[in-house]
Amino acid sequence: MSIHVANGRWVVWLSLLVAMLFQIMPLPDLVEAWRPDWLLLVIMYWAMALPHRYNILTAWVLGVMLDILLGATLGIRAFAMSVVVYVVVLHFQRLRNFPMWQQALVVAMQVALYNLVVFWVQFVADSAVFDISLFYPAVSSLIMWPWIFWILRRVRRLYKVR
């Protein structure tokens, strides 16, 4: 195993850690509802780029960690993230070949699916109330996806992540 491959794995986990920090970072109430799902976007990128290495198990572990950090019911985000990453891994070859605007639309739909699954489980467990702001992160993730894709692709090529 070369040093570049080993370093590449640390780069991936560092990017996931940074995404986790962005996910839990406090924001003003005005923009809190529009926060992109940073962790989901980054794990979707790595699942699309390296599906044999970062997949459903990675998403589940990160989801459990996010549930713990947010103080939410354990397993809600893990389940939702696993469902979304399953769909991404299932269709990763097709998603890679989409143009960027189409990829962004698919990512927005996946983020909306993630938020709907989280809402559904919270509704069943705690009787949560539906609000249209549930879809705001999908819109902001649609806008952020090309930037995240571009940055992570450059990082992947720079550090030869395989």
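Considering only the stretch 83-162, give the helices (runs of 4 or more DSSP H) lying wholly within it that have at least 2 residues that are within 22 Å of L30 (Cα to Cα) and touching a residue at least 40 places away in the same chain (Cβ under 8 Å).
100-126, 136-158
State whether the residues of the stretch 124-136 include one that is at pLDDT 95 or above and surrounded by 14 or more Cβ atoms within 10 Å (Cβ to Cβ).
yes
Would you pick out the residues in the stretch 72-98 that are charged (D, E, K, R) and buried (at least 17 other Cβ atoms within 10 Å of the Cβ)?
Passing the criteria: only R77.
The values are calculated or read from the model by the stated rules, or taken from the named source; none is laboratory data. Just so it is clear, the model here is predicted, and its values are computed rather than measured. For neighbour counting, all protein chains shown are included, and Cβ atoms are generated from backbone atoms with ideal geometry for every residue, glycine included.
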